[in-house]
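The values are calculated or read from the model by the stated rules, or taken from the named source; none is laboratory data. Predicted model, so just to flag it, every value in this text is computed and none were measured. In case anyone asks, the SASA skips ligands and DNA or RNA and just uses the protein heavy atoms, side chains included. Shrake-Rupley method; radii C 1.70, N 1.55, O 1.52, S 1.80 Å.
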Amino acid sequence: MEFGGSQQACLSGLTSAPSENFSFFQLNVLHTGLAKQLADTMVLPIIQFREKDLTEVSTLKDLFGLASSEHDLSMAKYSRLPKKKDNEKLKTEVVKEVAAARRKQHLSSLQYYCALNALQYRKRVAMMQPMLGFAHGQINFFKKGAEMFSQSMDSFLSSVAAMVQSIQVELEAEAEKMRASQQELLSLDESVYTPDFDVAAPQINRNLIQKAGYLNLRNKTGLVTTTWERLYFFTQGGNLMCQPRGAVAGGLIQDLDNCSVMAVDCEDRRYCFQITTPNGKSYDARVLFGGKQV
């Protein structure tokens, strides 16, 4: 395509007079700078939030699940211990295994809890930082037309940046508190992880109005066969409640008014007791945590 003299002069003036007009090279430099700034201040924070923060929480969740599964396996092995006293060596090994599994589960749960709490703060700035970076990039790109960005816009962006900084400071303070709390919890005596550590002199608080914990509940599967199911129970307002794994709330099992509780002897379980209702219905259960009263 051929250009007339006036068109050629116009293009020549646009490309050859950088001091008076934007040349194509200058425009390319501006766009390159904008792209780099947006990549650093807008795209990179989003990628870091997705690949670092979310991945960390997902990984800790999986580790907590694995630790919980290991704890369930060790508790199942502990539940099947024979009542004969000549198996003390086996009992000692299983007790150590349960204690190690509990400590591992405790540590993984604390790490998962701290990561979730930190994520609550990070998600507040996860989109704010990219938007702030985008705004700054556009301001720099249109610096020659800064009239459209008044002083109030700069003040607004400064206030947003200050707010982001304050959230970061708050996150660091909260993270330090969580680390201190985690260290305090992990400094507890090893006996808190050991089943039956107080069996010789159990500490029983008879003034409790509420109690919660895991029990093995015996269910009949046939005329003479039974199975034990590990469930989470708690008392509330004189009622025995049960919350199955994965449920969002507990359900009523039995009104404990006028019910009787007595210890029973089971061939395949220790620390068993039975709850009997006024109409004669009974529930057999086994305490999981060291024979503590429920």
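Our compactness index for the stretch 212-289, the C-alpha radius of gyration over the empirical 2.2 N^0.38 Å, is 1.09. Amide hydrogen proximity for C272: with H placed 1.01 Å from N in the peptide plane, the residues at 5 or more positions away or on another chain lying under 5 Å are V264, C266. Cross-link check: pairs K104/K177; K83/K220; K61/K177; K96/K281; K83/K281; K77/K281 evaluated at a Cα-Cα cut-off of 32 Å; pairs beyond the cut-off: K96/K281. Whole-Hz Karplus values for the stretch 202-217 come out as x, 9, 10, 9, 8, 9, 5, 9, 9, 8, 9, x, 8, 10, 8, 9 Hz, taken residue by residue from phi with 6.51 cos²θ - 1.76 cosθ + 1.60 and θ = phi - 60°; glycine and proline positions read x. For Q236, what residues show an amide H to amide H distance below 5 Å, using hydrogens built from the backbone and excluding near sequence neighbours? Placed amide hydrogens put M241 under 5 Å from Q236.
Couplings 3J(HN,Hα) of the stretch 246-252, computed from phi: x, 7, 8, 8, x, x, 6 Hz, in residue order, whole Hz [Karplus 6.51 cos²θ - 1.76 cosθ + 1.60, θ = phi - 60°; x for Gly and Pro].
Using only alpha carbons, the stretch 60-113 has a radius of gyration to Kirkwood radius ratio (Rg to Rh) of 1.10. Sequence-ordered 3J(HN,Hα) estimates for the stretch 126-134 from the Karplus curve with 6.51, -1.76 and 1.60 and θ = phi - 60° stand at 4, 9, 5, 5, x, 5, 5, x, 4 Hz, glycine and proline given as x. The figure for S108 is an accessible area of roughly 10 square angstrom, using a 1.4 Å probe on the protein chains alone.
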